[in-house]
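One structure below.
Derivation of every value follows stated rules applied to the coordinates shown; laboratory data play no part. Source: prediction; values computed, not measured. Positions of Cβ are backbone-derived with ideal geometry, glycine not excepted, and every protein chain shown enters the neighbour counts.
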Amino acid sequence: MTPNGALAIFAIKLLSIGSLGKELKEAGVQNVTVKTATFRGTQNGLRIKSWGRPSSGFARNILFQHVVMINVQNPIIIDQNYCPNNKNCPGQDSGVKVSDATYQDIHGTSATEVAVKFDCSSKSPCNNISLQDVKLTYKNVLPAQASCNHAAGSASGLVQPSSCL
Ligand SMILES: *[C@@H]1O[C@H](CO)[C@@H](O)[C@H](O)[C@H]1NC(C)=O
Ligand SMILES: *[C@@H]1O[C@H](CO)[C@@H](O)[C@H](O)[C@H]1NC(C)=O
């Protein structure tokens, strides 16, 4: 991939990993690398998404590397509570296991205060999530925040907002 606008937009579709876990029995996603992309003014940046339903699906060994965010609503997000119109899943936890995801050298600006959001399943929590040299600010100048629910992992290098893993 090159840091080209059109390709970056293609990449968003490609790397919005999900929606996983709609079916009870489902193949997983693994060994995905996304590198050198720019997101500009989009709703989501690096997203992994699963339905809040029982499932055998998984997403693991995912590497996001050298990514620039410019005014992106959700630069880094794992959303395991996807349930459109609250139909057929309210109150259920996602069975999809998200693990071994690395975010390396991710810089730029978030359009919302929460720049890093790991909203994982209580039934199968995210683990081994790693943040390395991630620096995101809120609207260029304000400090951004990170939010974690049922997510574990580590941070190394300069990580801003400070990791909640
Ligand atoms: C994914 O990577 C792991 C570890 O390198 C390897 O064992 C596995 O075969 C790979 N799976 C696929 C589907 O490529
Ligand atoms: C955590 O994830 C990294 C990157 O995918 C992998 O190399 C490492 O082996 C994982 N660690 C554990 C304890 O599974």
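Computed quantities for the displayed model
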| item | result |
| --- | --- |
| Using alpha-carbon coordinates, inclination of helix 5-15 to the longest axis of the chain, degrees | 30 |
| Burial order of peptide ranges 123-129, 74-80 (average beta-carbon count within 10 Å, highest first) | 74-80, 123-129 |
| Cut-off under 5 Å, modelled amide H: who pairs with Ser94 long-range | Arg53, Ser122, Lys123 |
| Where the Cα pairs of segment 59-112 fall when distances are cut into 10 Å bins, in % | 20, 36, 33, 11 |
| Pairs beyond 32 Å (Cα-Cα), from Lys87/Lys139; Lys87/Lys135; Lys35/Lys87; Lys35/Lys139; Lys25/Lys135 | Lys87/Lys139; Lys87/Lys135; Lys35/Lys87; Lys25/Lys135 |
| Phi to ³J(HN,Hα) by Karplus 6.51 cos²θ - 1.76 cosθ + 1.60 over segment 70-81, Hz, x for Gly, Pro | 10, 6, 9, 5, 10, x, 10, 8, 10, 10, 9, 10 |
| Calculated log₁₀ intensity ratio I(q)/I(0) where the Debye formula runs over C-alpha points of segment 101-165, q = 0.13, 0.21, 0.23, 0.25 Å⁻¹ | -0.32, -0.78, -0.91, -1.03 |
| Integer Hz, Karplus 6.51/-1.76/1.60 couplings in order for segment 17-33, x for Gly and Pro | 6, x, 7, 8, x, 6, 9, 5, 9, 8, 6, x, 10, 8, 6, 10, 10 |
| Compactness of segment 33-165, expressed as Rg and Dmax over alpha-carbon positions, Å | 14.2, 42 |
| Highest-first arrangement of 65-73, 17-25, 140-148, where packing means the average Cβ count within 10 Å | 65-73, 17-25, 140-148 |
| Segment 16-90: equivalent-ellipsoid semi-axes (sqrt of 5 x gyration tensor eigenvalues, Cα, Å) | 25, 16, 6 |
| Calculated from backbone phi, Karplus (6.51, -1.76, 1.60) coupling profile of segment 37-47 in Hz, x at Gly/Pro | 9, 10, 10, 10, x, 8, 6, 10, x, 8, 10 |
| For Lys117, distant residues with modelled amide H under 5 Å away | Ile76, Ile77, Ile78, Ser147 |
| Charge context of Cys126, other residues only, Cβ under 12 angstrom, K/R +1, D/E -1 | +1 |
| CD proxy at 222 nm, helix term only [per DSSP H run n ≥ 4: -39500 (n - 2.57); per residue of the chain; nearest 500] | -2000 deg cm²/dmol |
| Long-range HN-HN contacts of Gly18 with modeled amide H, under 5 Å | Lys49 |
| Summed side-chain charge close to Met69 - residues other than Met69 whose Cβ falls under 13 Å, Lys, Arg +1, Asp, Glu -1 | +3 |
